[in-house]
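Visitor: One structure follows; several queries about it will come next.
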Amino acid sequence: MNNNKKEVLLQVQDVHVDFGILKALNGVSLEIQKGEILAIIGPNGAGKTSLVNAINGFYHPSRGHIFFAGQDLTKLRPHQIAALGIARTFQNVALFKGMTVLDNLMVGRNLKMNSLFISQGIYWGLAQKEEIRHREAVERIIDWLEIEHIRKVPAGMLPYGLQKRVELGRALAAEPQLLLLDEPMAGMNLEEKEDIVRFILDANEELGVTIALIEHDMGVVMDISDRVIVLDYGEKIAEGTPQEIRYNERVIKAYLGSPARR
Amino acid sequence: MGADTLPQLLILNAQKYGRNKIAIREKDLGIWQSYSWQDYLENTRLFALGLAALGFRRGDKLSVIGDNRPQLYFAQMAALCLGGIPVPLYQDAIERELEYIIAHSEARFIVAEDQEQVDKMLALRGKIPTIELIIYDDPRGMRNYKQPFLKSFTAVQELGREFARSHPHYFEEEVTKGNPEDIALIAYTSGTTGNPKGVVLSHANLLTNVRLIKQAEKYEDNDQTMAYLPMAWIGDSIYSLAMLFDIGFTTNCPEAASTVLRDMREIGPTVIFCPPRIWENILTTIRVKMEDAAWIKQKMFDFFMDVAMQVAAYRLKNEPVPLKLRILYTLGEFLVYAPLRDNLGMRKIRFAYTAGAALGPETFQFFRAIGINLKQVYGLTETSAMCTYQPDTEVKLETVGKPLPGIELKISENGEVLIKSPGVFKGYYKNPEATAEALKDGWLHTGDAGIIDQDGHLIIIDRAKDVSTLANGTIFAPQYIENKLKFSPYIKEAVTIGQGKEFVTAMINIDMQSVGNWAERKNVGYTSYTDLSQKPEVYDLITQEVKKVNASLAKEEKLRPAQIKRFLILHKELDPDDAEITRTRKLRRGFIAQKYAELINALYSEKEAVEVETKITYEDGRTANIRAFLKIKDVEVFS
């Protein structure tokens, strides 16, 4: 947010993703700068989720490249990309429903665990030390997200708003440099939204995580993002500060449909 | 050095126990973090010296606001060590209340738990120039706060470390200057009428009263308590400050307000204090969970609870228990009571208390029946908390026990409870009129109506000013009837009306948890609290509960005419944010009568429904309107 020297963390170069004749992304190029909160908006089916899926390796672009801190991600598998420091949440909550919140968060640290399975089998010694270190990191997230009271509750038994919060925690547990949030506030009430917004801002400012979020709530987008990118029919139609986007003719026409609100 | 003030006791305990005994624990990051007596002293000392470096002088007030945290207790103690006065605040109080207390007490220093509380204090600082410094404990979210009058707890301790270099004996000298007659606490009471009043208590008040309690109840230094009730409430100051220092036991701060019961289970406290509302919540939770349990567990629970209640009844009457019941009770201990106590975190309880409002007799008996030594006590902020108690061999359902040895108690001609004790306060802060009204000839006028039974036990009927009569002259003690209503697991709060009227009516708050659960099992769909409250099925359910209360009122000749004839279910919960109840959940009758005047008129008319629009206030001060149609129902009365 307060970065004057613009350091590019992620670069998307002319990326195409297509399913048969359907073009989900049609030559999208963009940059995510280190430390910013970037909002990706656009009407339904504009290709927002496809973009996020392409970045974290769920989809492989048919053309174009994605670079993260100088490294080409295009051919990498999702878990390799995650290990590089890109975490994400899903539009539909993706948690292990039968596992407790604590265990779900521990899973988020899976990629950070180094001990071999033999020493894990023995447990005492190295594996135990490592477990303690990870548990502490997870406890800090629990404290940070104010979910102490549900630490031992199976994720599937939680109300939706809390599940979304736990999912955010699961992504943060991986200590990512870049966090991709796919509609983190969908289906939430005002109070839950305010909570999540606070956590996103805190993650950005206190933990220094760069954030790209897909969001439909324009109020939230305008309030918290440093820059906004607008997609429509798989193409980037605008890019700029929230102010610029609000008054951009093309965006208003394609997306907002009516003159600027608020 | 003598040990007649709290700071002197702290130093004494640190000498006696050093690092070998834990004074206070806090659950943080999922683990119980412990502070020994030496740690307690060191933390307090550094913070006190930091305050001194920042210009804290004898007689200055320091307010703390937040959940129970060791740092907030250290801060209060630090103020005391320097001859200052702690003024704890209710952490969920809204701005208007806080503004009054801070301005009235002229607090210069405020220690706030976290960003949420700091924000409140920043908002107030513009209006109250006496606030000089705001100190925060949790740095979360504070990165963009650059105001010069904001400091972190550790930064203040750091200043203290520096200050200690140039003033190596300052702390000890200040503690030695302390006098038992110095003010140790100003506790603001959330009055049911008007502005809060600051109750001034000295070290001698607190410590003498604590020593009277200790003699009566035989506390030991290996006892464990929980610090989870608001720090601004006198009971917490007594247990987590005065008694902690005098006895040297261990106090435990839960992780968060929502984890208290789980944390309690991990600690297994031996002395616990819960207001009636919490006992009732626990019982409601047990019942709700039992209704969802497997049938065999339900059957076992019902059978053995019946046994336990019978045994408890014999014991309360001090009669021998028949052999068959004794055998069944022993069996039940293994199968039901012990596992239940363990689940509640009450396996090691030696003393459990309730006070503040009357506890439903059935709730009381339930906990005693499963083997928890629950007793009712009575006390006021003005008497340094507890002043009557029930000795272990003399527990009675309806009383609050007899005065602690050393405390005098009598009933005035108009039925008011009067108390004379070393714990009685020095006066209301900057309010001589109120002091003169409460303290006459050395007797504290409590404002409670009570009677003393043949065993010398005190029975509290109601607030003296609330007891009145119906139009036909029958005694009408609203709280007495409300307590009976509230024993129903489905009723959370109730307001009865009847003064000067022909008959008694009631406005009822359903309990969302248990009625919601009930509705789910009965396949009654609902969307919100308001919607659920107006379902015809729910009205039928509550009618049955009101009928039960009427039946029990009919048993007592004097109260028979005071049965409930008509009632309605309120569309919203009574809430301290809307000023309908106090922070300690006492009804503010005058305000309610005014606010719901239309509903009350409708209750005394022929109408079968009434339309209502109410303004509700959210915690952050925003308001919204709720509009609803409330049904009114008649109930059968017994003769």
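Visitor: Rg (Å, one decimal) plus Dmax (Å, integer) for the alpha carbons of the range A:1-62?
Guide: In order Rg, Dmax, the Cα atoms of the range A:1-62 give 12.9, 42 Å.
Visitor: Expressed in nm², what is the orientationally averaged projection area of the convex hull enclosing the Cα positions of chain B?
Guide: Seen from a random direction, the Cα hull of chain B projects 29.8 nm² on average.
Visitor: On the principal axes of its Cα set, how long, how wide and how thick is the range B:288-388? Give whole Å, largest value first.
Guide: 50, 34, 23
Visitor: Can you tell me how much longer the chain between B:Asn414 and B:Glu394 gets when fully stretched, taken as 0.36 nm per residue apart minus their C-alpha distance, in nm with one decimal?
Guide: In short, 4.4 nm is gained.
Visitor: Neighbouring Cβ atoms within 10 Å as the yardstick, rank B:Met142, A:Met185 fewest first.
Guide: By the 10 Å Cβ count, ascending, the order reads B:Met142, A:Met185.
Visitor: Take every DSSP beta bridge with both residues inside the protein assembly as shown and express the antiparallel ones as a percent of the total, to the nearest 5.
Guide: Restricted to the protein assembly as shown, the bridges split so that about 60 percent are antiparallel.
Visitor: Give me the inter-chain shielding for A:144-154: mean count of other chain Cβ atoms within 10 Å, whole number please. Display every interim value, and only then the final one.
Guide: Working: counts 1, 0, 3, 2, 12, 8, 2, 4, 2, 0, 0.
Rounded to a whole number, the mean comes out at 3.
Visitor: What order do you get for B:523-531, B:203-211 when each peptide is scored by the mean count of other beta carbon atoms within 10 Å, highest first? Could the numbers behind the result be given before it?
Guide: Values: B:523-531: 12.8, B:203-211: 23.0.
Descending packing order for the listed peptides: B:203-211, B:523-531.
Visitor: So what is the relative contact order of chain B, in percent, for Cα pairs below 8 Å that sit 6 or more residues apart?
Guide: This gives 10 percent for chain B.
Visitor: Sticking with this one: Using packing as a proxy for protection, rank B:292-305, A:35-48, B:120-133 so that the peptide with the highest average count of other Cβ atoms within 10 Å comes first.
Guide: A:35-48, B:120-133, B:292-305
Visitor: Can you work out the base-10 log of I(q)/I(0) for the range A:99-175 at q = 0.17 1/Å, using the Debye formula on its C-alpha atoms alone?
Guide: One equal scatterer on each Cα of the range A:99-175 leads to -0.63.
Visitor: Take every DSSP beta bridge whose two residues both sit in chain B, then give the antiparallel share in percent to the nearest 5.
Guide: Roughly 60 percent of the DSSP beta bridges within chain B come out antiparallel.
Visitor: To make sure I understand the rule: partners must be lysines, Cα under 23 Å from the Cα of A:Lys6, and not fewer than 8 residues away in the same chain. Which ones qualify?
Guide: In chain and number order, the partners are A:Lys34, A:Lys236.
Visitor: What whole number of Å gives the distance from the Cα centroid of the range B:208-232 to the Cα centroid of the range B:164-178?
Guide: 29 Å
Visitor: Report the Cα centroid-to-centroid distance between the range B:591-637 and the range B:355-380 in angstrom, as an integer.
Guide: Using only Cα atoms, the two centres lie 32 Å from each other.
Visitor: Ok, one more. If you average 1/r across every pair of different Cα atoms in the range B:407-476 and take the reciprocal, what Kirkwood value do you get, in Å?
Guide: 13.4 Å
Visitor: Okay, moving on. With only Lys, Arg, Asp and Glu charged, each at its Cβ (+1 for the first two, -1 for the last two), find how big the charge dipole of the range A:99-175 is about the Cα centre; round to the nearest 20 debye.
Guide: Here the size comes out at about 100 debye.
Visitor: Normalising by the residue count of the range A:99-175, find the relative contact order in percent from Cα pairs under 8 Å and 6+ residues apart.
Guide: About 54 percent, as a whole number.
Visitor: Cross-link partners among lysines for B:Lys297, C-alpha distance below 16 Å, same-chain residues fewer than 8 apart left out?
Guide: B:Lys289
Visitor: Taking one equal scatterer on every alpha-carbon of the range B:1-81, how large is log10 of I(q)/I(0) by Debye at q = 0.17, 0.21, 0.26 1/Å?
Guide: The Debye formula, applied to the Cα set alone, gives -0.71, -1.02, -1.29.
Visitor: Enumerate the amide H contacts of B:Val111 below 5 Å, restricted to partners 5 or more residues apart or on another chain; note that Pro and chain-start residues carry no placed amide H.
Guide: B:Ser63, B:Val64, B:Ile65, B:Ile135
Visitor: Take the Cα pairs of the range B:102-204, get the Kirkwood Rh, then feed it into Stokes-Einstein at 37 °C and 0.692 mPa s and tell me D in µm²/s.
Guide: Answer from the Stokes-Einstein relation: 203 µm²/s.
Visitor: So which helices of chain A fit the span-like rule, where a helix is a whole DSSP H run, its Cα atoms reach 24 Å or more along the axis, and its mean Kyte-Doolittle is at least -1.0?
Guide: Qualifying helices, which must be both long enough and hydrophobic enough, are A:126-144.
Visitor: Calculate one ³J(HN,Hα) per residue across the range B:464-472 by plugging θ = phi - 60° into the Karplus curve 6.51 cos²θ - 1.76 cosθ + 1.60, and present them in order as whole Hz with x for glycine and proline.
Guide: These are the phi-based 3J(HN,Hα) values: 3, 6, 8, 6, 8, 10, 6, 4, 8 Hz.
Visitor: Then there's this: Enter the mean projected area of the convex hull around the alpha-carbon atoms of the range B:322-479, in nm², rounded to one decimal.
Guide: Average projection, Cα convex hull of the range B:322-479: 13.1 nm².
Visitor: Check which residues have an amide H placed less than 5 Å from A:Gly27's amide H, if you skip close sequence neighbours.
Guide: Correct list: A:Val15, A:His16, A:Val17.
Visitor: Right, next: Which residues' amide hydrogens lie under 5 Å from the amide hydrogen of B:Lys27, considering only partners 5 or more residues apart or on another chain, with H built in the peptide plane?
Guide: Amide H neighbours of B:Lys27, under 5 Å, 5+ apart: B:Gln33, B:Cys253, B:Glu255.
Visitor: Helix B:512-521 sits at what angle to the longest principal axis of chain B, using alpha carbons and giving 0 to 90 degrees rounded to 10?
Guide: 40 degrees
Visitor: Which whole-Hz couplings ³J(HN,Hα) result when phi for each residue of the range A:81-98 is put into the Karplus expression 6.51 cos²θ - 1.76 cosθ + 1.60, θ = phi - 60°, listed in order with x for Gly and Pro?
Guide: Running phi through 6.51 cos²θ - 1.76 cosθ + 1.60 with θ = phi - 60° gives 5, 4, 5, 6, x, 10, 10, 8, 10, 10, 4, 9, 3, 10, 10, 7, 5, x Hz.
Visitor: Longer than 29 Å from Cα to Cα, which of B:Lys535/B:Lys595; B:Lys146/B:Lys177; B:Lys402/B:Lys572; B:Lys595/B:Lys631; B:Lys348/B:Lys396 are they? Say none if no pair is.
Guide: Over 29 Å apart, Cα to Cα: B:Lys146/B:Lys177; B:Lys402/B:Lys572.
Visitor: With 5 Å bins from zero, work out the P(r) of the range B:493-602 over every alpha carbon pair and list the percent per bin.
Guide: Spelled out bin by bin, the range B:493-602 gives 2, 11, 19, 20, 19, 17, 8, 2, 0 percent.
Visitor: If each of B:Arg560 and B:Gln33 carries a label point 7 Å out from its Cα toward its Cβ, how far apart are those two points in nm?
Guide: 6.4 nm
Visitor: Kirkwood Rh, the range B:125-270, all Cα pairs: how many Å?
Guide: Result for the range B:125-270, one decimal place: 18.8 Å.
Visitor: Can you tell me which of B:616-623, B:78-85, B:177-184 comes out highest on packing, and rank the rest after it, using the mean Cβ neighbours within 10 Å?
Guide: Put in order of decreasing packing, that is B:78-85, B:177-184, B:616-623.
Visitor: Treating each Cα of the range B:185-247 as an identical point scatterer and ignoring solvent, apply the Debye formula and state log10 I(q)/I(0) at q = 0.12 Å⁻¹.
Guide: Taking Cα atoms of the range B:185-247 as identical point scatterers yields -0.34.
Visitor: While we're looking at this one, here's another question. Write down the Kirkwood hydrodynamic radius of the protein assembly as shown, to one decimal in angstroms, obtained as one divided by the mean of 1/r over all alpha carbon pairs.
Guide: The answer is 31.0 Å.
Visitor: Per residue of A:125-138, count partner chain C-beta atoms within 10 Å of its C-beta, then hand back the mean as an integer.
Guide: Per residue, the average neighbour count from other chains is 1.
Visitor: Cα axis of helix B:6-17 to longest principal axis of chain B: angle in degrees, 0 to 90, nearest 10?
Guide: Once rounded, one gets 80 degrees.
Visitor: Could you pull the Rg and Dmax for chain A, using just the Cα atoms, both in Å?
Guide: 19.0, 65
Visitor: Under 23 Å between C-alpha atoms is the cut-off here; go through the range B:409-531 and count lysine pairs that meet it, provided they're at least eight residues apart or on different chains.
Guide: Lysine pairs satisfying the spacing and distance rule in the range B:409-531 number 18.
Visitor: Please give the Cα centre distance for the range A:1-64 versus the range B:31-51, rounded to the nearest Å.
Guide: Cα centres, the range A:1-64 to the range B:31-51: 52 Å.
Visitor: Let me ask something else about it. Any number yet on Rg/Rh for the range B:41-143, C-alpha, Kirkwood?
Guide: 0.93
Visitor: Two decimals is fine: what's Rg over Rh for the range A:65-217, C-alpha atoms, Kirkwood radius as Rh?
Guide: Rounded to two decimals, Rg over Rh is 0.98.
Visitor: Let me ask you something else. Ignore the peptide's own chain and count Cβ atoms of other chains within 10 Å of each Cβ in A:199-210; give me the average, rounded.
Guide: Mean number of neighbouring Cβ atoms from other chains: 1.
Visitor: Which whole-number percent is the relative contact order of the range B:1-153 (Cα, under 8 Å, 6+ apart)? Don't skip to the answer; put the middle values down first.
Guide: Numbers: 240 pairs, mean separation 26.5, N = 153.
RCO, the range B:1-153: 17 percent.
Visitor: Then there is this: Nearest 10 degrees is fine. How inclined is helix B:153-166 to the longest principal axis of chain B, computing both from alpha carbons?
Guide: Between helix and principal axis, roughly 30 degrees.
Every number in this text was worked out from the coordinates using simple rules, so none of it is lab data. Since we're looking at a predicted model, the values are computed, not measured. Methodologically, a virtual Cβ is constructed for each residue, glycine included, from the backbone with ideal geometry; neighbour enumeration extends over all protein chains shown.
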